[in-house]
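The values are calculated or read from the model by the stated rules, or taken from the named source; none is laboratory data. Computed from a prediction, not measured in an experiment: that's the story for all the values here. Note that we place each Cβ from the backbone using ideal geometry, even for glycine, and neighbour counts take in every protein chain shown.
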Amino acid sequence: MRFKLLTFAAVLLLFSFTSAAQTSTAPQAVRQQAAVNPPQDPSTQVPAPKPEDVKSTDSILAAVYGVISGPAGDRDWNRFRSLFLPGATLTSAGKDREGNIHVRPRSVEQYVTGAGGYFAQHGFFESPIVSRVQTFGNIAHILCSYESRSAPGEAPFARGINSFELAHDGKRWWIVSILWDEERSNNPLPKEFAAKP
């Protein structure tokens with residue numbers, strides 16, 4: 001029994017020593033990796049934005065809605081790309097007709113390909129109803145209800161809420177992610193988001 005306890009103690013001591021060694025070298029390894037691969041300036045990885053598009057949280061939202069809205073045809077996808085931080089996601093979270101919930105993340109390029117095909121053949125106009133903006137330092141979260149139409153002046157065929165995550169890098173605003181869900185009979189827009197004040 002005493003031998004087993006001594007063996008167990010030795011294993012614990014060896015484990016503690018190994019863990020401590022790994023912990024002490026991990027930060028140095030991270031520092032070495034960062035020195036070899038310094039972070040890239042995100043502005044070098046996307047098309048140059050229009051300065052007025054990225055100067056404020058309001059202007060970047062207006063730019064998103066401006067790009068995706070229009071009659072059937074091409075959109076200015078480089079303008080769209082210029083609004084997003086590299087690696088940004090656009091994610092729909094909703095239910096299909098059978099009631100199954102689907103969460104579908106897309107990269108900016110996947111959105112451009114999917115939505116671009118639809119917009120090429122269909123008019124699509126999306127406009128904000130109510131926006132609620134919360135900021136802290138260089139980050140902002142915006143819940144923005146919206147209406148989607150096939151043509152200006154028509155009744156909306158869909159409404160919902162877009163959730164925007166934004167970041168400011170000292171020079172401009174970036175969209176980090178957009179997450180949205182549509183209104184349904186069992187998922188109505190909250191009263192405070194349903195109509196313009």
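List of remarks:
- For segment 123-149, the candidate set comprises residues that are free of Cβ contacts under 8 Å to residues at least 40 places away in the same chain and hydrophobic (A, V, I, L, M, F, W, C); within that set, the residue that is nearest to Val54 (Cα to Cα) is Ile139.
- Some residue of segment 131-138 being over 30 Å from Gln40 (Cβ atoms), surrounded by fewer than 15 Cβ atoms within 10 Å (Cβ to Cβ) and basic (Lys, Arg): yes
- Within segment 170-191, the residues that satisfy the criterion of being out of contact with any strand residue (DSSP E or B) (no Cβ under 6 Å at 6 or more places or on another chain) and either under 18 Å from Val64 (Cβ atoms) or small (Gly, Ala, Ser) (or both) are Gly170, Arg172, Ser185.
- Residues that are in contact (Cβ under 8 Å) with a residue 24 or more places away in the chain and of a type in the set (Gly, Ala, Ser), drawn from segment 74-108: Ser82, Ala88, Ser92, Ala93, Gly94
- Residue match in segment 17-27 (condition: modelled with pLDDT of 95 or more, among the aromatic types (Phe, Trp, Tyr) and surrounded by 10 or more Cβ atoms within 10 Å (Cβ to Cβ)): no
- Screening the candidates Pro156, Pro105, Pro128, Pro190 for the property of being at pLDDT 95 or above and under 18 Å from Phe84 (Cβ atoms) yields one hit, Pro105.
- Qualifying positions in segment 146-197 - out of contact with any Gly (no Cβ under 6 Å at 6 or more places or on another chain), more than 18 Å from His122 (Cβ to Cβ), not basic (Lys, Arg) and not in a strand (DSSP E or B): Asp169, Gly170, Ser185, Asn186, Pro188, Leu189, Pro190, Glu192, Phe193, Ala194, Ala195, Pro197
- The single condition among (1) loosely packed, with under 14 Cβ neighbours inside 10 Å; (2) within 17 Å of the chain's Cα centre (by Cα); (3) at pLDDT below 95 that Asn100 does not meet is (2).
- Residues being small (Gly, Ala, Ser) and under 19 Å from Gly160 (Cβ atoms) - total across segment 91-135: 9
- Selection count where residues are modelled with pLDDT of 95 or more, of a type outside the set (A, V, I, L, M, F, W, C) and either part of a helix (DSSP H, G or I) or touching a strand residue (DSSP E or B) at 6+ places or on another chain (Cβ under 8 Å) (or both), scope segment 42-80: 14
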